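Input: a single structure, listed below in structure tokens.
The values are calculated or read from the model by the stated rules, or taken from the named source; none is laboratory data. Predicted, not measured: the structure shown is a model, and the values here were computed from it. Ideal geometry is used to build each Cβ from the backbone, glycine not excepted, and the neighbour counts take in all protein chains shown. The accessibility values were calculated without ligands, DNA or RNA, using every heavy atom of the protein model including side chains. Shrake-Rupley method; radii C 1.70, N 1.55, O 1.52, S 1.80 Å.
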Amino acid sequence: MNEDLGPLITAWREHRAEAAARELVHVLYPQVIRIVRNHLSRGMDEEDLAQEVFRRLFDQLHRYDAKLPLENWLSRLTLNVCRNALRGRSRRPELRWTDLSETEQTTLEAAMLSPDTATAGQAREARELLDRALSTLGPDDRLVLTLLHLEEKAVSEIAALTGWSVTGVRVRAFRARRRLRKALADLAARFPE
Amino acid sequence: MHSTEKLIQKLARMARCEPESPITVPPGFATRIVSGLREGDARDWTLWLLPRAAVVAGLICLLALGYRHESKPAPNFQDFAATYVQNELERGL
């Protein structure tokens, strides 16, 4: 992607060419919105967040080292914007079985029984439930678990994306899991090992 | 594996089956970004200009004061002496 975008980046950096900026927005939008959707709670305005990502992108593009992949740089920037947005959100201390709607309870039971396949509807319910479970965590804990479990990223990839060390990622993941265990103790008790 | 982790992993596996909703750039999105950049540029330019304009204005004020001070006529000794003598004479009378 870098090679294709090189001339556009140069045109923006050197001449502030608006046509190049428009083209960059069109090319990079899917990557930005995928990350935003994965990391934000449903109901948060993804378009506003994407707008903030692009504002920062053009603001900081002069600092971008063209030898490195733009995807990584952009992902890191997008994750930072998501993290900041999540910082302002209040979170519930725990999620109990009785907090779940009947549909959510059914989805959870289905997930525990046959999780390998799911209809689009079940998948959507599962995503919402996962979102509720993760909303009991702080932004960094949520980020690390989303990257690990939902996006299935390797620890080294997460380290590159977040700027944390590999050990740092492992420690954060360990602590995040411990906090989640505490927050979901009531739900987990329904499904003993 | 602890049951909470199993629960999260199973939910995540299910959630990954969700078909991706189509991604299209919303109408007017790129225009909003570009106009925001334009406004930002104008703001940056104003921020660059304001302190410099203040410094230049200050310099002009100082120069004007200096010029005024320089161009004030030096007190004329003869006039001063004449006024002094006249005053003394009036007082004596």
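Values as computed for the structure displayed
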quantity	calculated
Hey, B:I23 touching a Lys or Arg at 6+ places or on another chain (Cβ under 9 Å) and at negative phi or not	yes
Selection count where residues are over 23 Å from A:R132 (Cβ atoms) and of a type in the set (D, E, K, R), scope the stretch A:31-79	9
Test: A:A188 is open to solvent by less than 80 Å² (accessible area, probe 1.4 Å), without any contact (Cβ under 8 Å) to a residue 60 or more places away in the chain, within 14 Å of chain B (Cβ to nearest Cβ) and among the small types (G, A, S)	yes
Flag for B:S3 being at the interface with another protein chain (Cβ under 7 Å from one of its Cβ atoms) and among the hydroxyl-bearing types (S, T, Y)	yes
Any hit, the stretch A:136-151, residues being assigned to a loop (DSSP other than H, G, I, E, B), under 15 Å from A:R37 (Cα atoms), open to solvent by 40 Å² or more (accessible area, probe 1.4 Å) and not hydrophobic (A, V, I, L, M, F, W, C)	yes
Residue within the stretch A:10-17 that is away from chain B (no Cβ under 14 Å), under 24 Å from B:R32 (Cβ atoms) and in contact with a Pro (Cβ under 9 Å, 6 or more places away or on another chain) present	no
Any hit, the stretch B:57-73, residues being open to solvent by less than 80 Å² (accessible area, probe 1.4 Å) and under 19 Å from the mean Cα position of the chain (by Cα)	yes
Test for B:R13: is it part of a helix (DSSP H, G or I), out of contact with any Ser or Thr (no Cβ under 9 Å at 6 or more places or on another chain), open to solvent by 40 Å² or more (accessible area, probe 1.4 Å) and within 7 Å of another protein chain (Cβ to nearest Cβ)	yes
Residue in the stretch B:21-30 that is among the hydroxyl-bearing types (S, T, Y), away from chain A (no Cβ under 12 Å) and open to solvent by 70 Å² or more (accessible area, probe 1.4 Å) present	no
Subset of the stretch A:132-146 [facing chain B (nearest Cβ under 9 Å) and either at pLDDT below 80 or closer than 19 Å to A:F191 by Cβ (or both)]	A:A133, A:L134, A:L145
The stretch A:22-65, residues that are at pLDDT below 90, surrounded by 15 or more Cβ atoms within 10 Å (Cβ to Cβ) and within 23 Å of B:D44 (Cβ to Cβ)	A:L61, A:Y64
Boolean, B:S35 is within 12 Å of chain A (Cβ to nearest Cβ), within 30 Å of A:L130 (Cβ to Cβ) and among the polar types (S, T, N, Q)	no
Checking A:E102 against (1) surrounded by 18 or more Cβ atoms within 10 Å (Cβ to Cβ); (2) under 23 Å from A:E125 (Cα atoms), the condition it does not meet	(1)
One residue from A:N72, A:N38 being in a helix (DSSP H, G or I) and either more than 10 Å from chain B (Cβ to nearest Cβ) or in contact with a strand residue (DSSP E or B) (Cβ under 9 Å, 6 or more places away or on another chain) (or both)	A:N72
Number of the condition not met by A:A111 [criteria: (1) open to solvent by 50 Å² or more (accessible area, probe 1.4 Å); (2) outside any loop (DSSP other than H, G, I, E, B)]	(1)
